[in-house]
1. Among the residues in segment 740-748, are any within 13 Å of residue 520 (Cβ to Cβ) and small (Gly, Ala, Ser)?
2. Restrict the check to segment 282-296 and report whether at least one residue is in contact with a Gly (Cβ under 9 Å, 6 or more places away or on another chain) and either surrounded by 12 or more Cβ atoms within 10 Å (Cβ to Cβ) or under 26 Å from residue 665 (Cα atoms) (or both).
3. Just the residues that are touching a helix residue (DSSP H, G or I) at 6+ places or on another chain (Cβ under 7 Å) and without any contact (Cβ under 8 Å) to a residue 60 or more places away in the chain, please, taken from segment 455-474.
4. Pick from segment 37-76 the residues that are of a type in the set (S, T, N, Q) and in a loop (DSSP other than H, G, I, E, B): which of them is farthest from residue 453 (Cα to Cα)?
5. Name the pairs: first residue in segment 409-423 and free of Cβ contacts under 8 Å to residues at least 40 places away in the same chain, second residue of a type in the set (Gly, Ala, Ser) and open to solvent by 10 Å² or more (accessible area, probe 1.4 Å), Cβ to Cβ under 9 Å, at least 6 apart or on different chains?
6. Hey, any hits in segment 717-740 for a residue that's in contact with a helix residue (DSSP H, G or I) (Cβ under 6 Å, 6 or more places away or on another chain), open to solvent by less than 30 Å² (accessible area, probe 1.4 Å) and over 25 Å from residue 619 (Cα atoms)?
7. Quick test of your reading of the structure: residue 368 fulfils all but one of (1) closer than 25 Å to residue 310 by Cα; (2) surrounded by fewer than 16 Cβ atoms within 10 Å (Cβ to Cβ). Name the failing condition by number.
8. Which one of 446, 482 is surrounded by fewer than 17 Cβ atoms within 10 Å (Cβ to Cβ), in the same structural domain as residue 354 (by the TED database) and outside any strand (DSSP E or B)?
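The values are calculated or read from the model by the stated rules, or taken from the named source; none is laboratory data. The structure presented is a predicted model; accordingly, all values stated were derived computationally and were not measured. Glycine gets a Cβ as well: all are built from the backbone with ideal geometry, and neighbour counts include every protein chain shown. Heads up: the accessible areas ignore ligands, DNA and RNA and are worked out on the full protein's heavy atoms, side chains in. Shrake-Rupley method; radii C 1.70, N 1.55, O 1.52, S 1.80 Å.
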Amino acid sequence: MKAPAVAVVVTCDNQGRSLARAVQSVLDQSAPAAELVIADGGSTDLYTCQSLAHLERAGKIVVRASGRGVSAARNLGVQSTTAPYIVVLDADDVLEPRWLEMGAGCFEREPSLAFVSGNLEAIDARDTPRIDPCLDLVSSMARGAIPMAAMFRRSVWVEVGGFDEALAPYDDVDFWTSVLERGLCGRAIDEPLLRYGRRPTVMYRAGLHEDAHVRLMERFFVKHRLALDPLGAELVEAKERFLVELRERSEQLQGQKSDLEAELHRLHLEISQTLQQLRPLGGDRVEFGDLRRTSPISPVWGIDRGIPLDRYYIHSFLERHRSDVRGRVLEIKELTYTRMFGDDRVTAADILDVDADNADATIVADLARADAIAADTFDCFILTQTLAFIFDVQSAIAHACRILKPGGVLLCTVPASGRISYEPPALDGDYWRFTEASMRHLFASVLPVDSIEITGYGNVLARAAFLYGLAPEELTPAELDVVDPFFPVAYGVRVVKPDPTHADRSASVHTSASAEGGAVLMYHRTAVAASDPCGMCIAPEEFRAAMQHLVTGGYTVLALPELVAAARAGRLPPRAVAITLDDGYLDNLTSAAEILRDCELRATFFIVGAPLDADYEFWWDRLARILLQGGHLPPRLSMSLGPVTFDLPTGTEMERADAFEAVRRAIYMLPLDDRDGAIQEIVGWGGASDRPPTAPRAMTASELRQLAAMPGVEIGSHTERHLWLPAQREAVVRYEIGENKRRLEAVVGRAVTSFSYPHGGHDARTVAMLGEMGFEVAVTTQEQLFSPRTDPMRVPRYDVRQQSETSGFAPWLDHLFR
């Protein structure tokens, strides 16, 4: 019997910092929610507004109660769903992974139930007493209401009239009192399935004000007088018993606190005495080693040891947004990053400098007083580590945004820490270090907050290394890539200037499709895998449901070449979609293709050539098999990958998972010989067992012929060995493309004219080779819609598994095309 459908409403009111945690707890459920809606009560905090906008642009359903508060958001959220069972989750709280499954199971077994609750525990203090739900009216009034995140029938919400917005912030108490006074019965699951945050909201604190509390309680008791009057004496006695329990508990905790303070004092004395004894012997609390010094190891940011450490993060930020470096580009002082990341997308480039002696500068101006630069001029402005040297930083930001074209992108990095510049004017010209909050407020004073994306980089180790002047090569990527928001080294800020003619696209490339736009969907595997560390699998039943939605939801599914041709001719139909699958796993034939055939849909399958006539295992599958699938391993993995040296613990499952991710990220961009050598080194280190028969594998040549013979199937090229092409020698790139095309055409007996860049990696050289070899379409991993202006050799695609996992495929795609 199918479990009942449950809708989850996550309510928010200036709780952006915990909102993602609450949403993730819904996504982590063992039984997925049928619907997920985020309901905002009227947040004004910039971070929360930005978080909500990002969720919405990513396809999540966000509804807003226009400043009427959380109680109104609860009602609006429930109204926005249709499932028969509801969970309302405050953004400060989280659900344990089995809550939806267990709660829905109770309704299935006991159809008479009106609600189901679990026990309640604090998120950040698991040693606090567990709170058991009170399922009768007297206990609920005396000891506390049923948890807000309890599961209830939609019919219950309708019967009690929803949440009483006039009783906020006690509308939850009123709701459950209304339920219980009607004699509706519930069930308590004796497990801590609900966890609450303990940060009081502004509304809750307002409710604690004496005048407000008295007024609200008067309204509450008048509303429920008929039910509560007969219970007066019983309520008073129950409340008194509860207060006695609280007093006894408080006295017990006070006693424990006194004992612990005495113990802490004794330990401090012992530590002090021990340190005094160790100091003459050279002992210390912390071994500083080379860092016990009052001057930096390098006084020039580590340039004499490699590159400055902050440039590691600058390069990461710009690589992430490489596709934004296009058209007419402006950069400060020199064109280093325009050349490094612009490829052949740049049509013109200018250099801005305040120093008239810079012979390369095409524009001499102070960015804070840049009125002479025409507005709406540049498609991209690369502004790295410059704002710290401009005193009127607010004016500089305003001009930087003003001179962008509508839809143009500002890629800005700023220091969060680091030495004062030694370059003139040094102490007299290095003005600022920034925080996430300051950057958000500075940019939000110029442009809408949802057009701003701020990324922090670094941690306390990286920050200390930067101050000492160490180079990034002296730390491992695993150490550098940890992000601690309280100890950043630098921030990257991506800003998209709103385009009034394309309002839906002003904030980000992850936007809703206009009538002229289409979406290319990317899949890899249709399978249920015990382990999926690369996030490639989607269950066959989910894939079938998605394909059926394309058929019934008003979409026009075209073959990829047809989509590109229709767009270029200006005849792209509304809600146009193309389907693609990468790599060529066997389940593409045995599962995905059969589902597509049943739904009468067309798709392009991009095939890696090497597995077709050999026993071939993709390198990421081999890496996962060694590191993640059991077996004895050495306690540490030490190896060098190019200039980077790894020394990773591998003793526990979590350590192995971290090691897998660190190595995978480092390997995929290596040249061919280095990549294969690294895998062989790991095989030698961990010992490679035979690949089990159940391990995922790619199609053989005969299986590919079966796939190609099915209706609606196009076969595309995905190189011979799935290499990151920008890192390879020209001869290797030419072989990867040319040999794969030759092999595929020989197997399927027809021309192969569509190409998928492995890992999305491409450059001008690769694009040119594809044109020479007769390819007409090439797809990337850049996630945005396809339009008539899109380069057919750089077609963007949406990773469906990542984009749709929050709200489900249908709501995500429908929102994309709204």
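1. Residues of segment 740-748 that are within 13 Å of residue 520 (Cβ to Cβ), as a first pass: none.
No; the residues of segment 740-748 include none that is within 13 Å of residue 520 (Cβ to Cβ) and small (Gly, Ala, Ser).
2. Of all residues in segment 282-296, those in contact with a Gly (Cβ under 9 Å, 6 or more places away or on another chain) come to 296.
Imposing the further condition that a residue be either surrounded by 12 or more Cβ atoms within 10 Å (Cβ to Cβ) or under 26 Å from residue 665 (Cα atoms) (or both) reduces the set to 296.
Yes, there is a match, as at least one residue in segment 282-296 is in contact with a Gly (Cβ under 9 Å, 6 or more places away or on another chain) and either surrounded by 12 or more Cβ atoms within 10 Å (Cβ to Cβ) or under 26 Å from residue 665 (Cα atoms) (or both).
3. The answer is 456, 461.
4. Only one residue fits best here, namely 66.
5. That search, which allows pairs on different chains as well, returns 420/426.
6. no
7. It fails just one condition, (2).
8. One residue alone meets the criteria, 482.
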